[in-house]
Amino acid sequence: MAVAGAEVGDALVLRIREITVRSLATASGNDRPIDGRFLGDPYVAGRCPGCGVLYPETVVKGIGPTAVRCARCGADAAPFVLTHGYTIAFDAEHQVGVTLPKLAAEMMARDVRRFAALPERSVQNSILTFAPHDLVGLVARLRPFLGQLGTTPAVAMPDSHNAGDSERFWSAPRTNMP
């Protein structure tokens, strides 16, 4: 969302009355950046390890941790690897979820658009593609929230960080930044 004429220090109040979860599943976990596959911030400034292009356009070939490939040279272009992860499917009422075993996670990875409910023109690569399945059979209540909503600082900051959820990166010395 953009507000025409907004300046640093201006404020806006949003009152959210309802959040509707549309996806049937999601995935998450812990990750580790892979050296040589990014410049500065692995979630924003990707670099293809094959051809060296910055911000490579990617394509998905298959499923699993090496499925995100450079569209130019075909190299595995994911800037991070999951060190531990899970896929969680939601019940029909979106009240609870259960973490899935390998075969179920892989089935969802093969039909990401449907299970992640990605918008028609979305260009993101869903984490469901990786089919993480390290934590199986855990039941959890579903409590939807809006990430990346909050104040936007008076500095250029990628959308993936505007909620302050990557404090470790932003507070670290930036020796490898463009």
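Before moving on, here are some points about what is shown:
- Residue selected from the stretch 91-105 under the condition assigned to a strand (DSSP E or B) and open to solvent by less than 40 Å² (accessible area, probe 1.4 Å), by the criterion farthest from Pro132 (Cα to Cα): Gly97
- Among residues of the stretch 34-53, those that are part of a strand (DSSP E or B) and modelled with pLDDT under 95, counted: 2
- Among residues of the stretch 24-61 being touching a Lys or Arg at 6+ places or on another chain (Cβ under 9 Å) and under 23 Å from Ala105 (Cα atoms), the one that is most open to solvent (accessible area, probe 1.4 Å) is Lys61.
- In the stretch 62-82, the residue that is most open to solvent (accessible area, probe 1.4 Å) out of those that are modelled with pLDDT of 95 or more and in a strand (DSSP E or B) is Arg69.
- Scanning the stretch 117-162 for residues that are at pLDDT 95 or above, closer than 30 Å to Gly40 by Cα and outside any helix (DSSP H, G or I) returns Ala131, Pro132, His133, Asp134.
- Scope the stretch 1-43; condition among the hydrophobic types (A, V, I, L, M, F, W, C), within 30 Å of His94 (Cβ to Cβ) and touching a residue at least 40 places away in the same chain (Cβ under 8 Å); matching residues: Leu14, Ile16, Ile19, Val21, Leu24, Ala25, Ala27
- If the condition is being in a loop (DSSP other than H, G, I, E, B), under 22 Å from Asn125 (Cα atoms) and of a type in the set (Val, Ile, Thr), then the stretch 1-33 contributes Thr20, Val21.
The values are calculated or read from the model by the stated rules, or taken from the named source; none is laboratory data. Because the structure is predicted, anything quoted here is derived from the model rather than measured. As a convention, Cβ positions derive from the backbone with ideal geometry for all residues, glycine included, and neighbour counts pool all protein chains shown. The accessibility values were calculated without ligands, DNA or RNA, using every heavy atom of the protein model including side chains. Shrake-Rupley method; radii C 1.70, N 1.55, O 1.52, S 1.80 Å.
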